[in-house]
Amino acid sequence: MAFQPVDYYNVYDLLTEEEKLVRETVSDFVDHEVLPIIEKHYQAGTFPMDLVGKLADLGVFGITLPQEYGCAGMNNVCYGLAMQELERGDSGVRSFASVQSSLVMYPIYTYGSEEIRKKWLPKLAGGTAIGCFGLTEPDFGSNPNGMITNAKKIDGGYLLNGAKMWITNGSLADVAVVWAKLDGEICGFLVEKGMKGFSAPEMKGKHSLRASVTSELIFQDVEIPEGNKLDVKGLRGPLSCLTQARYGISWGAIGAAIGVYDSSLNYAKSRIQFDKPIASFQLVQEKLVWMLNEITKGQLLCYHLGRLKDAGKMNPNQVSLAKRNNVDIAIRAARIARDIHGANGILDEYPIMRHSANLESVRTYEGTHDIHTLILGADITGIQAFK
Ligand code: TGC
Ligand code: FAD
């Protein structure tokens, strides 16, 4: 059955013509290019590389960055809508686009010299280069400040040693934005594929985000040229990139929730038990209404957050609230959707288990649900509870 947009409060009527076009174009792309192939890749544990050039042609990589670097120069609502539609397809596809845009192109644009902007941004926008972002380490996840990966000043550059773990697109990447301590202070470096001493083995065995490549990054005396150091110091460097990506995830999670809701509504209207569609039972209606209710609230949060961001008035704590809420309701919606689909809910014919398992990663990465609770707790009480 053709996908009908879920927009109970007519939020899409508030969009500009350009924003409407972005949402409709990416939605159409997901229906025709992502949904027909994603389950096969999910089962095989592979990322659909054929999508990279097509996503680039859609203009989603670095969508908010200026046109002079080959980017679309659109606003943050366009970015959010694109992430929503991509994640209606699969969180792994949205992850690819978020990492490329928010965690690689954003820091290169914001903290890179003009030379490295010109070197990397057009290729990353065009999908002829892939990027990754290395912050997490085996022993430092929620607390990246403790990282042990380090850089030492040498003639003409830096010597990088250490390891990162759980890095999306790591083995695919032509360029890695890597955070390491230099004289005790966190700094960002661009590590390029093929640099001596740099390897990126793929991690296997995931039950979640299977249509996404996740890797370790290993640095053994990697020589980084002086020009590959980003111009930012301290944890605010990587955290400022995370604010961009968490913003996109807030929208993306609503896309996943819409995917499982849409499947549930169609299923409930066509599945007959006790001689009636199961949609006619009050308990099933309550479940569908819960999903629609939470999706609608999440859509309104995202829409307003996007307008705040475009007006330069959004703060990172507001992003934490949206990421925390929207991923949480999406996971709950996936759980309820599985219930509504009965045994069929576990089959690959429906997107339910794939979204459900994917959202477990989304709940953990980019700041866990609990870390966002503590960020908000610290903001409203003035007391930090995570140390
Ligand atoms: P804290 O003292 O709070 O802050 C240190 C400095 O950073 C500034 N800051 C921010 N700046 C911009 N954006 C934000 N969101 C910021 N949050 C904080 C802050 O003002 C301060 O600046 P300054 O200049 O005064 O030094 O730092 P803390 O060590 O107490 O840590 C705070 C905490 C726990 C919240 C933080 O470490 C955190 O967010 N931890 C979670 C780690 C995380 O999210 N990792 C994500 C790894 S990347 C990833 O998961 C990619 S998945 C990609 C995909 O596939 O989609
Ligand atoms: P931990 O920090 O060990 O947390 C474990 C549990 O303890 C969580 O429930 C957490 O909320 C809780 N906890 C921790 N500290 C506190 C506290 N102070 N108070 C209360 N509870 C606490 N990272 C990157 O850098 N780049 C990537 O591209 C990337 N991609 C990823 C892709 C996938 C598929 C996954 C699963 C992860 C990815 N990550 C990436 C890593 C991700 O950001 C981390 O997993 C996340 O930050 C949490 O760290 P951790 O897994 O070490 O959990």
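The values are calculated or read from the model by the stated rules, or taken from the named source; none is laboratory data. Everything quoted here is computed from the prediction, not taken from an experiment. So basically every Cβ, Gly included, is an ideal-geometry build from the backbone, and we count neighbours across all protein chains shown. For the accessible areas, the whole protein counts, side chains as well, though only heavy atoms, and no ligand, DNA or RNA atoms are used. Shrake-Rupley method; radii C 1.70, N 1.55, O 1.52, S 1.80 Å.
Using a 10 angstrom cutoff on alpha carbons, build the Gaussian network for the chain and name the most mobile of GLY194, GLY234, GLY248. Its mean-square fluctuation being the largest, the pick is GLY194. Where only DSSP H runs of four or more residues are counted, the chain gives -16000 deg cm²/dmol as its mean residue ellipticity at 222 nm, each run worth -39500 (n - 2.57). Shape analysis of segment 31-181 places it in the oblate category; the axes a ≥ b ≥ c from the Cα gyration tensor give an a/c of at least 1.5, with a/b not above b/c.
Quick one: compute the contact order of the chain, relative version, from alpha carbon pairs under 8 angstrom and 6+ residues apart, as a percent. Intermediate results must be reported in sequence, preceding the final value.
Working: 706 pairs, mean separation 66.6, N = 387.
Rounded, it is 17 percent for the chain.
Looking at the square roots a ≥ b ≥ c of the eigenvalues of the Cα gyration tensor of segment 172-253, which shape do they give, rounded for a/c under 1.5, prolate if a/b is larger than b/c, or oblate? Cα axes put segment 172-253 in the oblate bin. Surface composition of segment 237-381: carbon plus sulfur atoms contribute 56% of the solvent-accessible area (1.4 Å probe, protein chains only, all chains present).
Using Cα pairs under 8 angstrom and six or more residues apart, how large is the relative contact order of segment 131-232, in percent? Walk me through the intermediate numbers first.
On the way: 239 pairs, mean separation 32.9, N = 102.
So the answer I get is 32 percent.
Estimated from the Cβ-Cβ distance and a Förster radius of 41 angstrom, the FRET efficiency linking PHE386 and ASP339 is about 0.75. Size check on segment 131-232: the Cα extents along the three principal axes, sorted descending, read 44, 29, 21 Å. Be a star and scan segment 38-52 for residues whose amide nitrogen sits under 18 Å from the point 7 Å along the Cα-to-Cβ vector of LYS204. So the set is 41-47. Here the accessible area is traced with a 1.4 Å probe on the protein chains. For segment 131-232, carbon and sulfur cover 49 percent of it.
On the basis of the beta-carbon distance and an R0 of 56 Å, THR368 and ASP275 show a calculated FRET efficiency of 0.75. Model label sites at ASN315 and SER142, defined 7 Å from Cα along the beta-carbon direction, differ in position by 2.3 nm. For LYS309, a cut-off of 25 angstrom between C-alpha atoms picks up these lysines, skipping any fewer than 8 places away in its own chain: LYS20, LYS233, LYS297, LYS323. Answer rounded, prolate or oblate for the chain, using the Cα gyration tensor with square roots of eigenvalues a ≥ b ≥ c: rounded when a/c is under 1.5, else prolate when a/b is larger than b/c, else oblate. The shape class here is prolate. For the chain, the solvent-accessible area works out to 44 Å² per residue, with a probe of 1.4 Å and every protein chain left in place. Considering only HIS304, ILE148, TYR42, the residue lying farthest towards the positive end of the dipole of the chain is ILE148, judged by Cα position with unit charges set on Cβ. Among the protein heavy atoms of segment 29-69, carbon and sulfur supply 49% of the accessible surface, probe 1.4 Å, non-protein parts ignored.
Relative to the Cα centre, the charge distribution of segment 1-98, modelled as +1 at Lys and Arg Cβ and -1 at Asp and Glu Cβ, gives a dipole magnitude of about 280 debye.
When only Cα pairs under 8 Å and 6 or more residues apart are kept, what is the percent relative contact order across segment 313-387? Display every interim value, and only then the final one.
On the way: 54 pairs, mean separation 25.7, N = 75.
Answer for segment 313-387 is 34 percent.
Residues with beta-carbon under 12 Å from that of LEU55, excluding LEU55: net charge, scoring Lys, Arg +1 and Asp, Glu -1? Before the final figure, lay out the partial values.
Details: positive: LYS54, ARG94; negative: GLU33, ASP50, ASP57, GLU85.
That works out to -2.
For segment 211-276, divide the Cα radius of gyration by the Kirkwood radius and give the resulting Rg/Rh value with two decimals. Ratio value, two decimals: 1.32. Just checking the listed ones, GLN43, GLN318, GLN273: in the Gaussian network model of the chain with Cα springs under 10 Å, the one fluctuating most is GLN273. Distance between the 7 Å Cα→Cβ label points at LYS54 and GLU185: 4.6 nm. Note on TYR9 and LEU239: the extension gain reaches 79.5 nm, defined as 0.36 nm multiplied by sequence separation minus the Cα-Cα distance.
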